[in-house]
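The values are calculated or read from the model by the stated rules, or taken from the named source; none is laboratory data. Bear in mind the structure is a predicted one, so any value in this text is a computation, not a measurement. Virtual Cβ from ideal backbone geometry, glycine too; neighbours counted across all protein chains shown.
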Amino acid sequence: MRAIVLGAAAGGGLPQWNCGCLNCGLARAGEIPGASQSSLAVSADGVDWAILNASPDIRNQLAATPALRPRALRDSPVKAVLLTNGDIDHVAGLLGLREKQGLSLHATAEILDVLAGNPVFAALDPALVTRRAQTLDRPFALLPGLTAELFAVPGKVPLYLEGATVATDLEGEQTVGVRLESDAGVAYYVPGCAAVTPALAERLRGAGLVFFDGTLWEDDEMIRAGLGAKTGRRMGHISMNGPEGSIAAFDRLGVRRKVFVHMNNSNPVWRAGPERAAAEAAGWEIARDGMEVTP
Ligand code: MLT
Ligand code: MN
Ligand code: ZN
């Protein structure tokens, strides 16, 4: 199995167009690498590939990744797209795949309903792009030699569907993690997750490779930096640090390789410093665009 991080950043990317925070400034100045929005490419054989989450940056991500370039006049190694939620940073890139290329689009029925409710996604010709509703906890063939299984993780509905009150720890079809299995091993991809519940911890225990939600370092970091009014909790994202954070939650799970993905541009782990050092000391890697990982 091969996994390539196409985009390591959360929605907005690094730098974000309207953000003057420390990290965004460092990225604009070329002092830290920039990062595009959340997406992972996976393959069992290196020939056929699936894109897990279609980010608004997909055009550049595909162009930058040799394994994903056409091999014939009209062609793409991308045979499947899988969505873990309906957030804009994970679905807007579908519109960048509208040029009459056959592929299958996998998500829960609830997420496919969100797409069906928005006519702009009909730009993906239904004769060529087959939408496949996947049942939670039921494995399916994503690609030749690569099985996927969706499982519920705590989360919320997409921002654009939020009502007056918002439950941020729903467990159902709106936010899922993915278990991937090939002859070469098992990997998990969980780019959005509000909490590591006991059930999720047991699921991930002893895994060889986990890509996990690294949106924020601290729950209130955006508020403290003057960037916004929301906590990570309100956005449906667990933070890395603290007694309730992901670093602590994974501490005794025995996961061999732990990679943070979907980092918000406010997260201090983008730059060298005590936070990044603490994450690395706890055995975590901070994803970068183009990083390839094999389980
Ligand atoms: C999130 O991960 O919380 C969302 O992508 C936020 C957004 O839609 O911008
Ligand atoms: Mn996001
Ligand atoms: Zn910023």
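Return the only residue of 153, 129, 166 being among the hydrophobic types (A, V, I, L, M, F, W, C), over 20 Å from the mean Cα position of the chain (by Cα) and within 16 Å of ligand 2 (Cβ to nearest atom).
Going through 153, 129, 166 in turn, just one is among the hydrophobic types (A, V, I, L, M, F, W, C), over 20 Å from the mean Cα position of the chain (by Cα) and within 16 Å of ligand 2 (Cβ to nearest atom): 166.
On the basis of being away from ligand 1 (no atom under 16 Å from the Cβ), surrounded by fewer than 24 Cβ atoms within 10 Å (Cβ to Cβ) and either under 21 Å from residue 10 (Cβ atoms) or acidic (Asp, Glu) (or both), does residue 57 make the cut?
No: the conditions fail for residue 57.
Quick one: is residue 38 crowded, with 22+ Cβ neighbours inside 10 Å, more than 16 Å from ligand 3 (Cβ to nearest atom) and either of a type in the set (Gly, Ala, Ser) or over 18 Å from the mean Cα position of the chain (by Cα) (or both)?
no
Yes/no per residue for (1) assigned to a helix (DSSP H, G or I); (2) touching a helix residue (DSSP H, G or I) at 6+ places or on another chain (Cβ under 8 Å):
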site: 244; (1), (2): no, no
site: 247; (1), (2): yes, yes
site: 260; (1), (2): no, yes
site: 269; (1), (2): yes, yes
site: 272; (1), (2): no, no
site: 276; (1), (2): yes, yes
site: 279; (1), (2): yes, yes
site: 289; (1), (2): no, yes
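Name the residue that is surrounded by the fewest Cβ atoms within 10 Å (Cβ to Cβ), counting only residues in the stretch 182-193 that are within 16 Å of ligand 1 (Cβ to nearest atom) and part of a loop (DSSP other than H, G, I, E, B).
Out of the qualifying residues, it is 193.
Take the stretch 153-171 and flag every residue that is of a type in the set (Val, Ile, Thr) and either crowded, with 18+ Cβ neighbours inside 10 Å or in a strand (DSSP E or B) (or both).
Residues satisfying the conditions are 153, 157, 168.
Assess whether residue 111 counts as being within 16 Å of ligand 2 (Cβ to nearest atom) and either more than 18 Å from the chain's Cα centre (by Cα) or under 19 Å from residue 35 (Cα atoms) (or both).
Considered against the rule, which asks whether it is within 16 Å of ligand 2 (Cβ to nearest atom) and either more than 18 Å from the chain's Cα centre (by Cα) or under 19 Å from residue 35 (Cα atoms) (or both), residue 111 comes out as no.
Just one of 242, 254, 273 is over 20 Å from the mean Cα position of the chain (by Cα) and under 17 Å from residue 224 (Cα atoms); which is it?
The match here is 242.
Within the stretch 220-235, does at least one residue satisfy the condition of being within 28 Å of residue 148 (Cβ to Cβ), within 16 Å of ligand 2 (Cβ to nearest atom) and either assigned to a helix (DSSP H, G or I) or at pLDDT below 95 (or both)?
yes
Kindly indicate the residue of the stretch 117-137 that is of a type in the set (Gly, Ala, Ser) and touching a residue at least 12 places away in the same chain (Cβ under 8 Å) and also farthest from residue 162 (Cα to Cα) among those meeting that condition.
The extreme case among them is 123.
For the stretch 21-59, give me each residue that is more than 16 Å from ligand 2 (Cβ to nearest atom), in a loop (DSSP other than H, G, I, E, B) and under 17 Å from residue 216 (Cα atoms).
Of everything in the stretch 21-59, those that are more than 16 Å from ligand 2 (Cβ to nearest atom), in a loop (DSSP other than H, G, I, E, B) and under 17 Å from residue 216 (Cα atoms) turn out to be 21, 34.
I'm trying to understand the selection: among the residues of the stretch 173-188, which are in contact with a Cys (Cβ under 8 Å, 6 or more places away or on another chain) and under 18 Å from residue 5 (Cβ atoms)?
177
Of all residues in the stretch 126-183, which are touching an Asp or Glu at 6+ places or on another chain (Cβ under 7 Å) and of a type in the set (S, T, N, Q)?
147, 174
Among the residues of the stretch 6-20, how many are surrounded by fewer than 24 Cβ atoms within 10 Å (Cβ to Cβ) and either in a strand (DSSP E or B) or aromatic (Phe, Trp, Tyr) (or both)?
Within the stretch 6-20, residues that are surrounded by fewer than 24 Cβ atoms within 10 Å (Cβ to Cβ) and either in a strand (DSSP E or B) or aromatic (Phe, Trp, Tyr) (or both) number 1.
What number of residues within the stretch 104-115 satisfy the criterion of being surrounded by 18 or more Cβ atoms within 10 Å (Cβ to Cβ) and either charged (D, E, K, R) or part of a helix (DSSP H, G or I) (or both)?
4
Looking at 174, 101, can you tell me which residue is within 16 Å of ligand 1 (Cβ to nearest atom), touching a residue at least 12 places away in the same chain (Cβ under 8 Å), in a loop (DSSP other than H, G, I, E, B) and not aliphatic (A, V, I, L, M)?
Sole residue among the options that is within 16 Å of ligand 1 (Cβ to nearest atom), touching a residue at least 12 places away in the same chain (Cβ under 8 Å), in a loop (DSSP other than H, G, I, E, B) and not aliphatic (A, V, I, L, M): 174.
Quick one: how many residues across the stretch 20-55 are in contact with a Ser or Thr (Cβ under 8 Å, 6 or more places away or on another chain) and over 28 Å from residue 71 (Cα atoms)?
Residues in the stretch 20-55 being in contact with a Ser or Thr (Cβ under 8 Å, 6 or more places away or on another chain) and over 28 Å from residue 71 (Cα atoms): 2 in total.
Would a scan of the stretch 194-209 turn up a residue that is of a type in the set (A, V, I, L, M) and surrounded by 24 or more Cβ atoms within 10 Å (Cβ to Cβ)?
No, that holds for no residue.
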